[in-house]
Amino acid sequence: MGMEENDRLGFLTKLARFDWSLLAVALALSAFGIVVVYSATYSSESQDFRNAAFSQTVWLLIGIAVFLLLSFIDYRLWVKWGWLFFLASLPALFLVLVVGQTVNGAKSWLRVGPISIEPADLTKVGFVLFGAWWLDRAKSRGIVFAAPLLLAMAIPTILVLKQPALGSAGVFLPLCFAILFVGGLKMRYVFLGVLGLVGVLAYAYLGVGKLGWDIPGLKPYQMNRIRTFFDPTLDPLGAGWTINQSLIAIGSGGMTGKGYLQGTQNMLGFLPKNIAYNDFIFSVVGEEWGFFGGAAVIVGECLLLLLCLRIAFGAREPAGRAVAVGIATILFTHIFVNVGMTIKVVPITGIPLPFISYGGTFLISCLAGLGLVESVWIHRKTKETDFREP
Amino acid sequence: MRDPLASPPPYRAKLRVGIVALVITACLALLIARLWVLQVVEGQTYASRLRNQTTIALRLDGARGPILDRNGIALAENRATYEIDLYLDQLVRDYPKRHRGRVPRIQVERRMGGATLLRKEPDIYRVVMTDLIPIANALHLEVKLDPKELQRHYFTSPNVPFRFASELSYVTVARFAEQNLGVPGIDVAVRPVRHYNFGAFASHILGYVGPPGDKERIGPDGSDLETIGRIGVERLMDGQLQGKPGGRILRVNYRGYIVAEEGYTSPNLGASVYLTLDARIQAIVQEALREVGRGAAIVMDPNTGDILAMASVPDFDPNGFVPKISQEDWKRLTSDPTRPLLNRSVSAYAPGSTFKVLVSLAALKYGAITPKTQIYSPAAIDIGGHLFHDWTKTGRGNITLEEALQYSCNTFFYQVGIRTGIKHLDEMAALCGFGEPTGLPYLGESPGILPGPEWMKIHHPMERWTTAHTANFSIGQGFLEVTPLQMVLLMGAVANGGTLLYPRLVVGVTDPQGRQLASIPPRPRADLGMRPQDLDAIRKGLLAVVESGTGHSVAIPGVSIAGKTGSAQAKRRWNGKLYNDVRAWFIGFTPYERPKYVVGVMVEGGIGGGATAGPIVHKILEGILALERNGTGPQLVYFTPARGNFNGLTEIQPKNDTPQPVRQATPVREEEDSQESSSSDEG
């Protein structure tokens, strides 16, 4: 294997190959996130809320350390044991169903000493490593290639749905698709997948949205959320409250916003305080920073994703490409679903906005993911490393 | 190298990464597009929804503007009252915080758009009582609230404070402030309320204010009204007088708790309305008229149509209507048979001989007679088989118009009226505005009745208009009814040389800073189209009335006064008996050469024009002359209401079994002089 050879790169060589732009964009987004978290929490009566911006700063520092550490370790070490990471993350998903803390109606959190962690976040990264590992192993690019990944995907998806955390569960499917796609899945299966996606969208829009069908297996409150997504006026004081208040917050922000710390929706509690600083942080951005601020955040996140994909583009080896695309897809799904739910593009699900939302383990997870991507970049094959190829 | 067969099939990996990048970018671009729609295209909608849910508005009442006389003497102003106001919305919103519990709710029936709905609403009565009882106990105030009324108020106008107690004593207010008894939503407020400075003074003109009815609650600018003008100038000029309400904008949080005051607009005083009335002359007139039990008096400037004074007896104190008239007082006013609320100045009565002025105008204008025409006027003449009497038993012989006016000769005017013809009489009367309102809205004005052949067909289809009717019409009897104001306007036209004017009551409107907002100029209504020599003949006759005729009681040495008396027969049923209720009139002007005042007095239950109305006019003119000489009028005092009575009625003894109809088409003899009125009966 080439791992040993590459790892013989000296620290200074690695430092020279370091892609600073990835870290710079991530840090810029995270710093802005802390600024917004402060605005979302400073007027709160609870000390815990008011400490949020400071805590987030501490988490960010830890996250940067994790990022740097992972950057300089050859990602192939993780890929080699990818199956193990994935399997090891699954018991935590079982455990959370039994002893997890219930937050907003879902048992998603495990309390470990002073901190709470969301096992689903670990599983997502674990699945990326597992996918990359399988990519190296699988000889075909047909059913035999796709089926094990799809099966593996189903396990965490079902477990996370049990919590029930619809948003988090929904990350695995696009993640799996992306790995299969860039891993070289035959085009006919890709078309099949796209067809399936179109079918699901049509079902959701026409069947659930227009004809009022129920989605089998969903809890009533989840179904309500989806119904109010299609018509927020159904229950403006109940299920539709959050989306309505989010739309009012963002809509009233207008082009330039009301100014930092001037958002009334959050301050007066129309946007519930316990979600304004995490899942609905984008509503605070939209109200206080307006269209310019909101669009800037989306462009910033997009830039970060494109930087990841640039690394995937430059990777000459399927596993590295899969890691970069996988991490990018996880981030993208979070961004799209999170921003989308605040502006009524997708139904409300409880998932945070990478780098902006408050949340220690999620921020660290995101930075860890980026660290892996950075590692792909540093340890990529180039002319200077080619001679070491066997 | 690996075994080529064992390797995955080749594919274009970079292309696929590129496709992923494209898909991701497209999706995020979609979000930005949606964000644009939300924030830029629909931003205003959401901004207003935000305003609606985060602010509530409380109303502060504006004070009504004053009503002043032509010289700036305030007749109606505001005085301060202290009261306890309940801001219901605020009490409900603050309830959970203050009492650590949910707002109590009750089921209420509401009619909404035709359907009756059962709604859960805050139990406003319980909410109010929770906060109010301790305060009321501390102030020794009795709490008497109607839960229904409270609930209705909360539903219809939650932002208008509910008045719990008004007219608080100063001691109570001081205690409230000292003990700091207020809670947010229960405040002592100083509220301006209407005050009529001189009591029962021009009350029929000023009118009064009252709380609005359900449909009148919303003003033209969309604000809730606290009081509205009910009648009179208060009603006529309500739009100008209404003060502009101010308000407090309060910011509320998601639970509806008030967190801050966001804005304050101070309430404004309404505009000032200047009337043509001269308070001094009004006082003179009211003093003079008080002596009678029922009557009306008007003083007008014949050059402008300005109403300088207008009084009606009995009258009322409009302060009794503020802030709200009590049931008993209202009942007393409306059930009084002398009808204090009736504005007699603009109510319709038979004019009697005063109407001969109009007959003269018509006869001369249409050439039925000239000023020199002599007509033989005996004690009685036969018209259509009936004897029509003069009020003297001797007759006047051959007389001209001038003498006929001077002595109010009935037989002369029967003949002149018939010569002129009812068509021309009606034409002239219509030109002079009889049979229609003069144009003073909201004073309770009657159009009067101008009868004629056409009118007869509509109102008495079984009868036909005859010369007997015309004869009766010619002496102001029969179906004819006119208002004192109409007569004064007619006399004004005679005085000013032939121009009929519209009456003017409002001179102009100024804002509280004194800037003029509107001014209302005098307005001519019609040119009577009289030849000067014809008008002169009438004026000479009218001058003779006061100098040596029926109206001598008016005369003031050294002052030239012209006018016409009238005594119209009317019958009134009262307590089951039939009475003669003579309407005694005098309408005149002075000075003769350059008239400045037209004065009209009508007394119900009088003896006759010269005997009853004349002395009152005399008194009024004396007062006005004194005013002109000294420049100072009578002391303006607080007037108590003038009481009405039925003095002066003479009972009619039924002669035959069939009672006479109250108003009859058959000739009614005119009696001009008091001495003979009781001695002569109609044949």
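For B:PRO595, the shell of other residues with beta-carbons less than 12 Å away shows a net charge of +1, using +1 for Lys and Arg and -1 for Asp and Glu. Our summary gives chain A a relative contact order of 28 percent, counting only alpha carbon pairs under 8 angstrom and 6 or more residues apart.
Counting other Cβ atoms within 10 Å of each Cβ, which trypsin sites (Lys or Arg not before Pro) in the stretch B:74-113 have at most 14 and sit in a DSSP loop? Here the sparse-neighbourhood loop sites are B:ARG100, B:ARG102.
Across the stretch B:522-600, Cα-Cα pairs more than 14 Å apart make up 70 percent of the total. What lysines could a cross-link reach from B:LYS148, if we take a straight Cα to Cα line under 18 Å and drop same-chain neighbours fewer than 8 places away? Leaving aside lysines fewer than 8 places away in the same chain, those within reach of B:LYS148 are B:LYS120.
Across the stretch A:66-77, computed HN-Hα scalar couplings (Karplus, 6.51 cos²θ - 1.76 cosθ + 1.60, θ = phi - 60°) run 4, 4, 5, 4, 5, 4, 8, 9, 5, 4, 5, 4 Hz from first to last residue, x flagging Gly and Pro. Pairwise Cα distances in the stretch B:367-424 exceed 14 Å for 50 percent of all pairs.
If you bin the C-alpha pair distances of the stretch A:3-386 every 10 Å from 0, what whole percents do you get? For the stretch A:3-386, the binned pair fractions read 5, 23, 32, 26, 11, 2, 0 percent. Here are some pairs, A:LYS219/B:LYS97; B:LYS356/B:LYS571; B:LYS423/B:LYS571; A:LYS80/A:LYS381; A:LYS107/B:LYS97; A:LYS186/A:LYS219; which of them have Cα atoms lying more than 25 Å apart in this structure? Check vs 25 Å cut-off fails for A:LYS219/B:LYS97; B:LYS423/B:LYS571; A:LYS107/B:LYS97; A:LYS186/A:LYS219. If R0 equals 35 Å, the separation of the Cβ atoms of A:PHE94 and A:LEU68 corresponds to a calculated FRET efficiency of about 0.60. Placing R0 at 51 angstrom, the Cβ-Cβ distance between A:LEU261 and B:GLN516 gives a FRET efficiency of 0.55 after rounding to 0.05. Beyond 21 Å, the tail of the calculated P(r) for the stretch A:249-351 holds 42 percent of the Cα pairs.
Here's the picture: charge each Lys and Arg Cβ at +1 and each Asp and Glu Cβ at -1 in the stretch B:443-542, and of B:VAL482, B:LEU505, B:PRO522 the one pushed furthest to the positive end of that dipole is B:PRO522. Scanning residues 5 or more positions from B:ILE449 or on other chains, those with amide H under 5 Å from its amide H are B:GLY435, B:GLU481, B:VAL482, with H placed 1.01 Å from N in the peptide plane. In this structure the amide hydrogen of B:ARG504, modeled in the peptide plane, comes within under 5 Å of the amide hydrogens of B:ASP306, B:ILE307, none closer than 5 places in sequence on its chain. Distance between the modelled labels on B:THR55 and A:TRP81, one decimal in nanometres: 6.2 nm (7 Å Cα→Cβ projection).
Taking other residues whose beta carbon is less than 9 angstrom from the beta carbon of A:ILE243, and scoring Lys, Arg as +1 and Asp, Glu as -1, yields +2. With respect to chain A, whose longest principal axis is taken over its alpha-carbon atoms, helix A:166-182 is tilted by about 30°. Counting Cβ atoms of other protein chains within 10 Å of each residue's Cβ and taking the mean over peptide A:243-253 gives 6.
Computed from the alpha carbon atoms alone, the convex hull of the stretch B:56-275 holds 150 Å³ per residue.
Per residue of chain B, the DSSP helices (runs of n ≥ 4 H) give a summed -39500 (n - 2.57) that works out to -9500 deg cm²/dmol at 222 nm.
Annotation: amide H-H contacts under 5 Å for B:GLY293 (H modelled 1.01 Å from N, sequence separation of 5 or more, or interchain): B:ASN645. If I fit a long axis through the Cα atoms of helix B:356-365 and take the longest principal axis of the Cα atoms of chain B, what angle between them do I get, 0 to 90°, rounded to 10? For B:356-365 against chain B, the angle is about 80 degrees. Plugging the Kirkwood radius over Cα pairs into Stokes-Einstein for the protein assembly as shown, at a temperature of 10 °C and a viscosity of 1.306 mPa s, what D comes out in µm²/s? This corresponds to a translational diffusion coefficient of 42 µm²/s.
Using only Cα atoms, tell me the angle between helix B:532-548 and the longest principal axis of chain B; keep it within 0 to 90° and round to the nearest 10. Its long axis makes an angle of about 80 degrees. Counting, for every residue in A:294-306, the Cβ atoms of other protein chains within 10 Å of its Cβ and taking the mean gives 4. When you count the other C-beta atoms within 10 angstrom of each residue and take the mean per peptide, A:61-72, A:165-176 line up highest first as A:165-176, A:61-72.
Take the Cα radius of gyration of chain B and divide it by 2.2 N^0.38 Å, N being the number of residues; the result is 1.37. Take the Cβ atoms of A:LEU211 and B:ALA177, set R0 to 56 Å, and the FRET efficiency comes out at 0.30. Within the shell defined by Cβ-Cβ distances under 14 Å, the residues around A:PHE291 carry a net charge of -1, with Lys and Arg each +1 and Asp and Glu each -1. Extension gain, B:ALA626-B:GLU109: 0.36 nm per intervening residue step, less the Cα-Cα distance, totals 179.5 nm.
Here, each number is a calculation from the coordinates, and none is a lab measurement. This is a predicted model, so every value here is computed, not measured. Quick reminder, even Gly has a Cβ in these numbers, built from the backbone with ideal geometry, and neighbours come from all protein chains shown.
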